[in-house]
1. Each residue of region 261-276 in turn: what ³J(HN,Hα) in whole Hz from Karplus with 6.51, -1.76, 1.60 and θ = phi - 60°, glycine and Pro shown as x?
2. Need one word for region 163-344: rounded, prolate or oblate. Basis is the Cα gyration tensor (sqrt eigenvalues a ≥ b ≥ c); a/c below 1.5 gives rounded, then a/b vs b/c decides.
3. Rounded, prolate or oblate for the chain? Axes are the square roots of the Cα gyration tensor eigenvalues, ordered a ≥ b ≥ c, and the cut-off for rounded is a/c under 1.5.
4. Tell me the angle of helix 327-344 to the major Cα principal axis of the chain, expressed in degrees between 0 and 90 and rounded to the nearest ten.
5. Which angle between 0 and 90 degrees, to the nearest 10, do you get for helix 163-172 versus the longest principal axis of the chain when only C-alpha atoms count?
6. Report, to the nearest 10°, how far helix 18-30 tilts away from the longest principal axis of the Cα atoms in the chain, using its own Cα long axis and a range of 0 to 90°.
7. So if I take the centroid of the Cα atoms in region 1-62 and the same for region 278-343, what is the distance between those two points in Å?
8. Anything over 23 Å Cα to Cα? Flag those among Lys123/Lys364; Lys43/Lys74; Lys43/Lys68; Lys33/Lys364, in the order listed.
Amino acid sequence: MKVLYLISTMDPHSGRGGHYYSLRTTAEEVSKKLDCAIVVIGKRESPVINQSKVKVYNLIYEKISVIKVMKDLKNIIDIECPQVIHSFDEDTFFFGSLISNIFKKPYIHTKCGGPNPRIAFPKVNNLILFTQENVRFYQSSRRFIKTNLFYIPNRIKEIPSDFSRIKNIKLSVDCNKSKVFLIISRLEEYKKNDILQAINLVKKLNSDGVKTKLIIIGALQDVNVGKEIRKNIDDNIYLFTDDKYSINASQLIDIADFVIGGGRSFMEAALKGKIMLCPLKNSNYPLLITEKNFQSAFDQNFSSRLTIDNFDPDDNYKQILQALINEEYANNITSFIKSVSSEHFEISSQLNRYCKIYNEAKYKMYFSIFDILTQFFRIVYCNELIPKLKTT
C-alpha cells in the first residue's frame, strides 16, 4: 500500500511550522510498514519537508493555478499510484478532496490542532484530530455525524541533540550558573504574546534575585514583531533567528533546564524530561505544567488559548520559584512529564493504528457545491488577492 501526503506552502513565509514536522514524523514512521510520498504545493519549498527520508515532490508556483496544480498532481498520481490520499492543512484539503473524487481514492485529512473553525469546515469522510478541544467540536456538529473521527495526539519521536550547534549558542550565552529557559517559536503576531510571557517571567525572576537566562529561537516571519521582541530584550535574554538555529530547532532543546512551548514544541521538550511551561491566555507569565493541570492543558494542545479554572497567578509564580530552587520538587515534575510523554506524545505507539486506518479507509463519493466554492475562494482569493492588496 502507498500513501500520498499533501501539505501546502501558500504563504511566502510558510514551510517551517509545527504541522510540517508532524507530517514529516508521521510519514517517516508510517514508511516503516507502508510506501509513502509527500507533495508540497505552494510558493516555496519547505526546508522541513525537504529533509524527510521519504520521497518529496515540490509543486512550486509564482501564482497558484488550480488547473495547473491539478494537472501536476495527476502526473504524480500516475507515477506513484497511491491507494490513499492524506492531506495535512486546509489549502491541500481542496486539492486532496478533488483528487480523491477524480481517481476514486480513499481520502483522509488531519487537522493539526489550532482553534475550532468559525465557519463550516468542509465535510470529510475520515478526519484525524490532534486535540480533545477539536474532538469535542466535531463530535457535537451535526455536519460531521457520519465522519470517521480519529483522535491521535501522538506525533513526535525523540529528537537527537545537535551538540555542535548547542556549543555555538553557549559561546554567545553567558549562563554564569543561571538556570536556562528556552522558547522555540516563530516571530509572528500569533506567537508574539507567548514570547513576551517568557520574557516577562525571566525579567521577574532576575528582579527577585533568581539568576535565569532566556534563549529565544525561531524564524523571523514578521519584522514588526521582531522589532517589538528586541525592544523587550535585556542582558539576560538572547535571540537567535538565523536558519542555522531555527531549522530543526528541537535539536537544541538540551541547552535548557526549563522549556516554554505549545503544541508540538511542548511535546518534543517534554519527551526529553524538561520542566515544562506553556503559554496561558490573559496572563503575564506562562503556566508551569504539573500533574494537577496537565490534562486541561493537554486537551487544549498546550496552546496560548489555554485557560485554567480558578487560576491563581501568584501561586503559579511560587511554583515556578519552587521548581527552580527545590531539586526534589523539580524531579517529581520531570518524572511525571516524562511518563505522560511516552503515552501521549510518541508516534511509534500509533504506527499500527495508522496502518489500520489506511487499510480500512474506503472511497466514498461526496460532492458539495458550497464546499468546493468555499475552498476555491480560500485558495484563489485568500492566498493570491489579499497578499497583493496588502502590498499595494
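1. x, x, x, 4, 4, 4, 4, 5, 6, 4, 5, 8, x, 7, 6, 10
2. rounded
3. Because a/c hits 1.5 or more and a/b exceeds b/c, the chain counts as prolate.
4. In the chain, helix 327-344 runs at an angle near 10 degrees to the longest axis.
5. 50 degrees
6. Helix 18-30 sits at roughly 60 degrees to that axis.
7. One Cα centre to the other: 32 Å.
8. Numbers: Lys123/Lys364 12 Å; Lys43/Lys74 19 Å; Lys43/Lys68 13 Å; Lys33/Lys364 25 Å.
Distance filter (> 23 Å) returns Lys33/Lys364.
The numbers here are math on the coordinates, done by the rules we state, and not lab data. Remember, predicted model here, so these are calculated numbers, not experimental data. Glycine also receives a Cβ, built like all others from the backbone with ideal geometry; neighbour counts cover every protein chain displayed.
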